[in-house]
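Heads up, the thing below is written out as structure tokens.
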Amino acid sequence: MRIRVYSNRKPTSRKVTQELLEKLRKAGFILDKKTPDVVITIGGDGTLLSAFHAYESQLDTVRFIGVHTGHLGFYTDWRDYEIDELVRSLKEEKQNSVSYPLLDVCLTYTNNMPDRHFLALNEATIKNVDRTMVANVFIKDELFECYRGDGLSVSTPTGSTAYSKSLGGAVVHPRVNTLQLNEIASLNNRVYRSLGSPMIIAPDEWIRLDMKKRETYSLHVDNLSLTNSNIKHVKFCLSEKRIHFALYRHTHFWRRVNNAFIGTSKESSERL
Ligand code: NAP
Ligand code: MN
């Protein structure tokens, strides 16, 4: 088994990385940055996002494992003090893997520039840099509404506990194959109207935004951001690709949500 250890720059993460690399070598694993079978991230969710994009072209063959060294770590389910157990489990090749849906974003330009595709683990967000964003929102090629506001965000179930949650979106179980559209400060009055609530689409549907103004937009895909003018439309759909996690610990999803956002599951069960 070929392994890559992918760490953030924090001193605690570096220390854990050194320790892990040594133990992996001793256990006879091959360390390989180019074509690993398993990528172990050391840090938090942000580190997992970066590693995901670094190995985006190898998602069919790469399985991820997240080791958590502080911060939130919603999707990193091994702790830094569990390194020995992690190496043992890898050695036993326990095949507890799970896969989650990803978002495909396609940008089409008004000039002759070729379309651009992006893959997101959490979400993609589009905003007008200078003024109100105006976009016709199509669901599966049928006009749904004309949106006015700061911007729109489309998230995967994995991303539903990230930016989408701050926008008032629902937390979605990652076994559900869907995308969620969230408004960012929409303009709603007698003249302008959009749905005003998050929307969860069916797996075979897609969302297309036709940008009404030839202005400058910022597009955020997970932790990447870029500025674009000449955008004609943006299409969001579920990707055919998925992210695979190895040695996944089946912590009850809603307990994970409680731990990250409320922190009372143990107490409340004791009180009941
Ligand atoms: P960041 O600004 O350091 O991360 C924001 C926070 O979101 C961190 O606490 C991060 O956890 C957590 N996070 C990331 N993905 C998550 C997930 N799927 N579920 C629950 N929490 C998650 O930036 P970053 O670490 O590079 O992450 C980029 C993400 O930040 C974007 O994809 C977007 O979802 C989110 N974001 C949120 C807002 C907002 O809520 N207003 C604004 C911009 C971006 P760790 O501490 O473990 O890294
Ligand atoms: Mn972070």
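Sorting Cys106, Cys146 on solvent-accessible area from highest to lowest, probe radius 1.4 Å, gives Cys146, Cys106.
Helix-only arithmetic for the chain: the sum of -39500 (n - 2.57) across DSSP H runs with n ≥ 4, divided by the residue total, places the mean residue ellipticity at 222 nm at -5500 deg cm²/dmol. Cα extents for segment 159-272 along the principal axes, largest to smallest and rounded to whole angstrom: 57, 39, 27.
Charge dipole (Cα centre; +1 on Lys/Arg Cβ, -1 on Asp/Glu Cβ; no other charges) of the chain amounts to roughly 440 debye.
Taking label positions 7 Å along the Cα-Cβ direction at both Asn96 and Trp254, the computed distance is 2.1 nm, reported to one decimal. Rg and Dmax, both from the Cα atoms of segment 101-240 and both in Å, are 13.8, 41.
Rounded to the nearest angstrom and ordered from largest down, what semi-axes does the equivalent ellipsoid of the chain get from its C-alpha gyration tensor (root of 5λ)?
Numbers: eigenvalues 273, 96, 49 Å².
In descending order, the three semi-axes are 37, 22, 16 Å.
When peptides 64-74, 182-192, 129-139 are ranked by their average number of other Cβ atoms within 10 Å per residue, the highest-first order is 64-74, 129-139, 182-192. Summing Lys and Arg as +1 and Asp and Glu as -1 over all other residues whose Cβ lies under 10 Å from the Cβ of Leu102 gives a net charge of -1. Using the Cβ of Lys33 as centre and a radius below 13 Å, the other residues enclosed give a net charge of +1, where K and R count +1 and D and E count -1. Taken as Cα centroids, segment 54-81 and segment 188-216 sit 33 Å apart, rounded to the nearest whole angstrom.
Note down the net charge around Leu195, summing +1 for each Lys or Arg and -1 for each Asp or Glu among other residues with Cβ under 13 Å from its Cβ.
Its environment carries a net charge of 0.
For the residues Lys127, Lys212, a 1.4 Å probe over the protein chains yields an accessible-area ranking, largest first, of Lys212, Lys127.
Per-residue packing, averaged as other Cβ atoms within 10 Å, sorts the ranges 80-93, 197-210, 47-60 into the order 47-60, 197-210, 80-93, beginning with the highest. Between Val191 and Ser225, the C-beta separation translates, for a Förster distance of 30 Å, into a calculated FRET efficiency of about 0.45.
Pairs of Cα atoms nearer than 8 Å and 6+ residues apart set the relative contact order; for the chain it is 20 percent. At each listed q (0.16, 0.21, 0.28 Å⁻¹), what is the log10 of I(q)/I(0) that the Debye formula gives for segment 1-69 modelled as equal alpha-carbon point scatterers? After summing over all Cα pairs, the log10 values are -0.49, -0.83, -1.30. Between the listed residues His71, Ser225, Ala162, the Cα displaced farthest toward the positive end of the dipole of the chain, a dipole computed from Cβ unit charges relative to the Cα centre, is found at His71.
The values are calculated or read from the model by the stated rules, or taken from the named source; none is laboratory data. Note that the structure is a prediction, hence the values are computed from the model and not measured. Cβ atoms come from the backbone with ideal geometry, glycine included; neighbour counts cover every protein chain shown. The protein model used for the area step is the full one, side chains on, heavy atoms only, and it has no ligands, DNA or RNA in it. Shrake-Rupley method; radii C 1.70, N 1.55, O 1.52, S 1.80 Å.
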